[in-house]
Amino acid sequence: MTNLTGKTAVVTGSTSGIGLAYARAFASAGANVVINGMGAPADIEKERAAIESDYKVEAIHSPADMTKPAEIAEMIALGENTFGSVDILVNNAGIQFVSPIEEFPIEKWDAIIAINLSSAFHGIRAVVPGMKKRGWGRIINTASAHSLVASPFKSAYVSAKHGIAGLTKTVALEVATHKITCNCISPGYVWTPLVEKQIPDTMKARNLTKEQVINDVLLQAQPTKEFVTSEQVAALALFLCGDEAAQITGTNLSIDGGWTAA
Ligand code: NAD
């Protein structure tokens, strides 16, 4: 069992889906957590308070917008000033948009690259000095099966996810002698708001019904014919934070029901 008592984890995009599962997994191992993301204030406060009461750790919320580099640096500073260190950074915030490339809105391209890729660069840039000083750190980036393979109509998302896989490898090499690891996790489809929201646009782009999108596009990609769960992804992240994973760095770990093996 990974023990994170005394450590602090910052998880971007952790007000829902996979990010929330990461935050809860780290808290269950004893870490204090900085959650981040959008949503109704009452919902965010409910999740934050539940983490504290379920796991007897401290949880705070950073409202940092992942399109704003200064706010990302402030989020890391908030963690360091509140808890004394940020030992684990998970770059997880993400959005999706589905459209044929010739109609792909330029502002959607810019937002996806900013939130799904550039925010990780800014977060890593801000967190590494403290990790180097303390001689320990874990950086985990949520990539995707789309960091390895493409799907039509997801040009920005696929580009951002391929980019984060490259960023992961580069950072891993730069910090390797400081007992800091940097890896990415590449889930297949997980039933979260991100996936649910892309269904209408996928129906339109591919001329399919909702059931066809779910069965013939999403589940069809995964040989297991099952969705991955957020908790399964979070368990992998927790493993990466343990001493057993100290020599795992620069990798892209697939958890995709066999999608990218096929
Ligand atoms: P989700 O929609 O449930 O969660 C996304 C999170 O990002 C939310 O907390 C949201 O508030 C936050 N966010 C969005 N824009 C933000 C911004 N500008 N600033 C701060 N936070 C912002 O989606 P999810 O499926 O849990 O996605 C989490 C990550 O997992 C993403 O990087 C996504 O690409 C990746 N992923 C998801 C799947 C899947 O099938 N769900 C598969 C592979 C990878």
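The values are calculated or read from the model by the stated rules, or taken from the named source; none is laboratory data. Predicted, not measured: the structure shown is a model, and the values here were computed from it. Note that we place each Cβ from the backbone using ideal geometry, even for glycine, and neighbour counts take in every protein chain shown.
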Discussion item. Contact list please: Cβ distance under 7 Å, first residue in the range 79-96 and over 15 Å from HIS162 (Cα atoms), second residue basic (Lys, Arg) and modelled with pLDDT of 95 or more, pairs at least six apart or on different chains.
Written reply: SER85/ARG134; ASP87/LYS7; ASP87/ARG138; ILE88/LYS7; ILE88/ARG138
Worksheet item: Can you spot a residue in the range 179-186 that is within 20 Å of ILE101 (Cβ to Cβ) and either surrounded by 14 or more Cβ atoms within 10 Å (Cβ to Cβ) or within 10 Å of the ligand (Cβ to nearest atom) (or both)?
Response: no
Worksheet, complete the sentence: Reported set for the range 205-219 where residues are in a helix (DSSP H, G or I) and surrounded by 14 or more Cβ atoms within 10 Å (Cβ to Cβ) is ALA205, ARG206, GLN212, VAL213, ILE214, VAL217, LEU218, LEU219
Worksheet item: If you check every pair at least six apart or on different chains, which have Cβ atoms under 7 Å apart with a residue in the range 18-37 that is under 11 Å from LEU238 (Cβ atoms) first and a residue that is modelled with pLDDT under 95 second?
Response: ALA29/THR2
Item to complete: For the range 161-172, state whether one or more residues are away from the ligand (no atom under 16 Å from the Cβ), touching a helix residue (DSSP H, G or I) at 6+ places or on another chain (Cβ under 8 Å), under 16 Å from LEU89 (Cβ atoms) and not in a loop (DSSP other than H, G, I, E, B).
Response: yes
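Okay, residues lined up against (1) of a type in the set (A, V, I, L, M, F, W, C); (2) touching a Lys or Arg at 6+ places or on another chain (Cβ under 7 Å); (3) closer than 15 Å to THR168 by Cα; (4) free of Cβ contacts under 8 Å to residues at least 24 places away in the same chain:
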residue: SER186; (1), (2), (3), (4): no, no, yes, no
residue: TYR189; (1), (2), (3), (4): no, no, no, no
residue: THR192; (1), (2), (3), (4): no, no, no, no
residue: LYS225; (1), (2), (3), (4): no, no, no, no
residue: VAL228; (1), (2), (3), (4): yes, no, no, no
residue: LEU240; (1), (2), (3), (4): yes, yes, yes, no
residue: ASP256; (1), (2), (3), (4): no, no, no, no
Item to complete: Kindly provide the set of residues from the range 88-105 that are surrounded by 20 or more Cβ atoms within 10 Å (Cβ to Cβ) and out of contact with any Leu (no Cβ under 8 Å at 6 or more places or on another chain), ordered by number.
Response: LEU89, VAL90, ASN91, ASN92, ALA93, VAL98
Worksheet item: Of the numbered conditions (1) within 26 Å of VAL128 (Cβ to Cβ); (2) in contact with a Gly (Cβ under 7 Å, 6 or more places away or on another chain); (3) in a loop (DSSP other than H, G, I, E, B), GLY257 satisfies every one except a single condition; which is it?
Response: (1)
